[in-house]
Amino acid sequence: MLFLQLLVDGLQLGALYALMAVGFAVIFGSTRVFHYAHGTTYVIIGYLFYWLAERLHVPWWLAAAFAAFAGVVFGVALDRYVYRPIQRDEGSFFTVFVASFGIGVVAENIIIILFGASFVSISTPLTRAADVGGGIVVSYLGIFSVLAAGLLFTFLNWFLARTDVGVALRALSENPELVRGFGLNPRKLSQYTFALGSLLVAPAALVATCVTGLTPTAGHRVVLISIAASIIGGIGSLRGAGLGGLILGLAESLAVWKLSTGWSEAVAFVILLGFILARPSGLFGTRARV
Amino acid sequence: MVGYILNLLILVSISGILAASLNFIIGYAGIYSMAHAAFFGIAAYTGALIALHVSASLLVAIPAAMAMCAALSLVISLPSLRVRGEYFVVASLGLQMIAFTVFSEWKDVTGGLGGITGVPIATLFGYKLRSLESFLVVSLACLAFVTGVIYVLARTSFGRSLRAIRDNEVAAAAFGKNPTLVKTIAVAISSALCGIAGVLYAFHVSFVNPETFTVDQSVLIMAMIIIGGTGTVFGPILGALIIHLLPAGLTYLTFLPARELASMQQIIYGGAMVLLMIYRPSGIIGRANLKDTWSK
């Protein structure tokens, strides 16, 4: 029975992780920017949502929409004013990563000054748990996150396969030079990528703020999980990143069955090291070698 | 006041060792590790446990911690150095997270979040290093030793192989170098040198707990070499000095509310990282020609 409950919890957690990871995977897969500040986007969205909905009593849907919009603006601004100037001359993978990390540190501490370092959360009746029979408990938001993950993945698959922008984004990840050759502007596409990737993290940020609450430092864990999920799934594969997130969520939850809760945080990273050792190209990746 | 300055200088030398040893792989080998705080911690715990249960002699604790760090560095280098550079960053981040969990959860050995307290006073050749002055002399000697080792290594054929691999791995392999082996050894050396800092730290503050060995610490060490200048001999030490003087300097700005000081400090160094990456990625005293340092 405990096992079943952990399995259900793991599915909910996995859905959240999948939602976090897929935004990172979109950005990293297409532009090769090691976007550590992806976690910062998540934290900004969460705190704005909290501030508007809980403190200013703005209707939740308006607060959510505004927070998601702010996240998109943040992501696009980073690409335009931080990553692009670095990539213009000799930009290496690590230079971008350091700058991205610096942005995360600055944002985190501004949030600490504004809201304090402690934990905030939004009270909503939706986090109440419902007994679905057999003593297994599920919250409405848990069901919502699983549904949201399913819907978003369907939408994303359609978007990348059927729309012009989607096809162009996939082309960008394959060969940026060729994209230029076809008269498309890689820079502009990169902005779309950041907008899409930042938008994709919004559902996870909004749900997690209600379910588990938020701290200014939460971004680190979010981006580490996203990176781990992207590697496990295979860089460049969105399906893989989603599945990777699901696996990590399930593993973290099921670990509690045998280990004490403190250890479960490390499980995701043990799996990550295992994948790098045995299958660096991930589940669906093809081009992991040098 | 003298005690405060001595204390600060000891911490600067320990950070200098951390930064110099990380610079050895970042600057000379182009391997970007985010697990330096993990090795710092592994060494500090090893040093503290040996001091409590075996001997408080630095000549026992330091070699043991260095061996431990070098051995554990294989956990990340063996899987990840075979593949692209990104994987090492990711694997080292993973190791950093795992190490923090182990420090805080393996309560029988590490004492959990409370840590290990009551580390005895260090001894060297039978003398107790009781005063801050004597400990500072030892710390500075260690810093000089680490800097010297790196200076010499960088000029041997091993150092040239490292730079060759950093600049063009395929070409280096074509000249008969084994990139994976050379890089694995470099990471082991860097981790072992980092171990010296861990032991000094454990003896200096006489207790260790997980709080010191977080991913933030890894980034702080990285910030030191980035601000100072990667691939230079004195850049990391300059960076360590700046990072340590910053909080001390901020306390003189009385208009800042005391409660926000820690945050202001982080904002300053986070902001400095971003601006340096945009305008001067080679650091304050780094080579102006970026191609040398960052092209890989």
Exercise. Could you list, in sequence order, the residues of segment B:219-237 that are buried (at least 24 other Cβ atoms within 10 Å of the Cβ) and not in a helix (DSSP H, G or I)?
Worked result: B:Gly229, B:Thr230, B:Gly231
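Among the helices (runs of 4 or more DSSP H) contained in segment A:36-117, which hold 3 or more residues that are hydroxyl-bearing (Ser, Thr, Tyr)?
A:38-50
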Seminar exercise, completed: Reported set for segment B:138-154 where residues are surrounded by fewer than 16 Cβ atoms within 10 Å (Cβ to Cβ) and in contact with a helix residue (DSSP H, G or I) (Cβ under 6 Å, 6 or more places away or on another chain) is B:Leu140
Problem set entry | Selection from segment A:154-198 of residues that are touching a Ser or Thr at 6+ places or on another chain (Cβ under 7 Å) and farther than 21 Å from A:Arg239 by Cβ | A:Ser190
For this session: Go through segment B:186-218 and give me each residue that's among the small types (Gly, Ala, Ser) and either buried (at least 24 other Cβ atoms within 10 Å of the Cβ) or in a helix (DSSP H, G or I) (or both).
Result: B:Ala186, B:Ala188, B:Ser190, B:Ser191, B:Ala192, B:Gly195, B:Ala197, B:Gly198, B:Ala202, B:Ser218
Seminar exercise, completed: Looking across segment B:81-132 at residues that are farther than 14 Å from A:Gly262 by Cα, in contact with a Phe, Trp or Tyr (Cβ under 7 Å, 6 or more places away or on another chain) and hydrophobic (A, V, I, L, M, F, W, C), the single one that is nearest to the other protein chains (Cβ to nearest Cβ) is B:Val89
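Listed here are the residues, each with its yes/no results for (1) of a type in the set (Gly, Ala, Ser); (2) within 20 Å of B:Ile242 (Cβ to Cβ).
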{"residue": "B:Ile10", "(1), (2)": "no, yes"}
{"residue": "B:Ile31", "(1), (2)": "no, no"}
{"residue": "B:Ala37", "(1), (2)": "yes, yes"}
{"residue": "B:Val60", "(1), (2)": "no, no"}
Exercise. Does A:Val105 fit the bill of being free of Cβ contacts under 8 Å to residues at least 24 places away in the same chain and of a type outside the set (Phe, Trp, Tyr)?
Worked result: yes
Problem set entry | Pairs, first aromatic (Phe, Trp, Tyr) in segment A:57-79, second not in a helix (DSSP H, G or I), C-beta under 8 Å, six or more apart | A:Trp60/A:Thr124; A:Phe66/A:Val58
For this session: Mind listing whichever residues of segment B:105-137 are buried (at least 19 other Cβ atoms within 10 Å of the Cβ) and not small (Gly, Ala, Ser)?
Result: B:Glu105, B:Thr110, B:Ile116, B:Val119, B:Thr123, B:Leu129, B:Phe135, B:Leu136
Problem set entry | Index of the failed condition, A:Val43 passing every other in (1) in contact with a strand residue (DSSP E or B) (Cβ under 8 Å, 6 or more places away or on another chain); (2) surrounded by fewer than 18 Cβ atoms within 10 Å (Cβ to Cβ) | (2)
Exercise. Going through segment A:142-170 one residue at a time, which ones are of a type in the set (D, E, K, R) and either free of Cβ contacts under 8 Å to residues at least 12 places away in the same chain or crowded, with 18+ Cβ neighbours inside 10 Å (or both)?
Worked result: A:Arg162, A:Asp164
Problem set entry | Matching residues, segment B:76-92, being assigned to a helix (DSSP H, G or I) and of a type outside the set (S, T, N, Q) | B:Ile76, B:Leu78, B:Pro79, B:Gly85, B:Glu86, B:Tyr87, B:Phe88, B:Val89, B:Val90, B:Ala91
Exercise. Just to be sure, is A:Ala107 within 14 Å of another protein chain (Cβ to nearest Cβ) and either buried (at least 22 other Cβ atoms within 10 Å of the Cβ) or touching a Cys at 6+ places or on another chain (Cβ under 6 Å) (or both)?
Worked result: yes
Seminar exercise, completed: Restricting attention to segment A:228-286, the residues that are within 13 Å of another protein chain (Cβ to nearest Cβ), surrounded by fewer than 18 Cβ atoms within 10 Å (Cβ to Cβ) and among the aromatic types (Phe, Trp, Tyr) number exactly 0
Exercise. Restricting the search to segment B:2-15, which residues are modelled with pLDDT of 90 or more and of a type outside the set (A, V, I, L, M)?
Worked result: B:Ser13, B:Ser15
For this session: Kindly indicate the residue of segment B:56-80 that is out of contact with any strand residue (DSSP E or B) (no Cβ under 8 Å at 6 or more places or on another chain) and at pLDDT below 85 and also farthest from the other protein chains (Cβ to nearest Cβ) among those meeting that condition.
Result: B:Val60
Problem set entry | Unique match (being away from chain A (no Cβ under 14 Å), crowded, with 18+ Cβ neighbours inside 10 Å, in a helix (DSSP H, G or I) and small (Gly, Ala, Ser)) among B:Ala248, B:Ala240 | B:Ala240
For this session: Identify, by number, the condition in (1) more than 27 Å from A:Thr154 (Cα to Cα); (2) within 8 Å of chain B (Cβ to nearest Cβ); (3) of a type outside the set (Ser, Thr, Tyr); (4) surrounded by 18 or more Cβ atoms within 10 Å (Cβ to Cβ) that A:Ala218 doesn't meet.
Result: (2)
Exercise. Which of the following residues is free of Cβ contacts under 8 Å to residues at least 12 places away in the same chain, surrounded by fewer than 21 Cβ atoms within 10 Å (Cβ to Cβ) and within 14 Å of another protein chain (Cβ to nearest Cβ): B:Ile268, B:Ile278?
Worked result: B:Ile278
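The values are calculated or read from the model by the stated rules, or taken from the named source; none is laboratory data. Remember, it's a predicted structure, so these values are computed and weren't measured experimentally. Because the Cβ atoms are built from the backbone with ideal geometry, glycine has one as well, and the counts that use them run over all protein chains shown.
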